[in-house]
1. Residue by residue through segment 48-72, note down the ones that are touching a strand residue (DSSP E or B) at 6+ places or on another chain (Cβ under 9 Å) and either in contact (Cβ under 8 Å) with a residue 40 or more places away in the chain or outside any helix (DSSP H, G or I) (or both).
2. Inside segment 94-105, can you point out the residues that are touching a helix residue (DSSP H, G or I) at 6+ places or on another chain (Cβ under 9 Å) and buried (at least 20 other Cβ atoms within 10 Å of the Cβ)?
3. Which count do you get for residues in segment 11-37 that are surrounded by fewer than 13 Cβ atoms within 10 Å (Cβ to Cβ) and either in contact (Cβ under 8 Å) with a residue 24 or more places away in the chain or within 16 Å of residue 100 (Cβ to Cβ) (or both)?
4. So the check is Cβ under 8 Å with 6+ separation or different chains; which pairs have a first residue in segment 76-95 that's at positive phi and touching a residue at least 24 places away in the same chain (Cβ under 8 Å) and a second one that's surrounded by fewer than 21 Cβ atoms within 10 Å (Cβ to Cβ) and in a loop (DSSP other than H, G, I, E, B)?
5. If you take the residues of segment 3-21 that are touching a strand residue (DSSP E or B) at 6+ places or on another chain (Cβ under 7 Å) and in a loop (DSSP other than H, G, I, E, B), which of them is farthest from residue 94 (Cα to Cα)?
6. If a residue has to be assigned to a loop (DSSP other than H, G, I, E, B) and in contact with a helix residue (DSSP H, G or I) (Cβ under 9 Å, 6 or more places away or on another chain) to count, how many in segment 22-42 make the cut?
């Protein structure tokens, strides 16, 4: 059960244990954290955009072309932006830190 730290838009750190195999988006939603995730993980929007802490970004597999195309539509894009629905949690990601982005209404 990997531990993940979510940094909210108010800079609050929320550390949770998440089930392996869930995506970061699913873990955030299970915890009731603020995230739109309008397409519910079907890779059809960018409303689950997160910013992965720089120390963790290179430990992830690269984004697919579809994910990159959707990220281009996200607000406040950074060099370590990813769609949280595309990152499955594994034991290799124990301790990962991600920054939530503002909720899209």
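1. Correct list: 48, 49, 50, 51, 52, 53, 55, 56, 59, 60, 63.
2. Correct list: 96, 98, 100.
3. Residues in segment 11-37 being surrounded by fewer than 13 Cβ atoms within 10 Å (Cβ to Cβ) and either in contact (Cβ under 8 Å) with a residue 24 or more places away in the chain or within 16 Å of residue 100 (Cβ to Cβ) (or both): 8 in total.
4. Correct list of pairs: 76/102; 95/2.
5. 9
6. The initial filter retains those residues of segment 22-42 that are assigned to a loop (DSSP other than H, G, I, E, B), namely 22, 31-42.
The next check asks that each one be in contact with a helix residue (DSSP H, G or I) (Cβ under 9 Å, 6 or more places away or on another chain); those that pass are 22, 33-35, 37, 39-42.
Result for segment 22-42: 9.
Here's the yes/no breakdown for (1) exposed (fewer than 12 other Cβ atoms within 10 Å of the Cβ); (2) at pLDDT 95 or above:
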site: 55; (1), (2): yes, yes
site: 64; (1), (2): no, yes
site: 69; (1), (2): no, yes
site: 73; (1), (2): yes, no
site: 87; (1), (2): no, yes
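The values are calculated or read from the model by the stated rules, or taken from the named source; none is laboratory data. Just so we're clear, the structure is a prediction, and the values are computed from it rather than from any experiment. In this analysis, Cβ positions are derived from the backbone assuming ideal geometry, glycine residues included, and neighbour counts consider all displayed protein chains.
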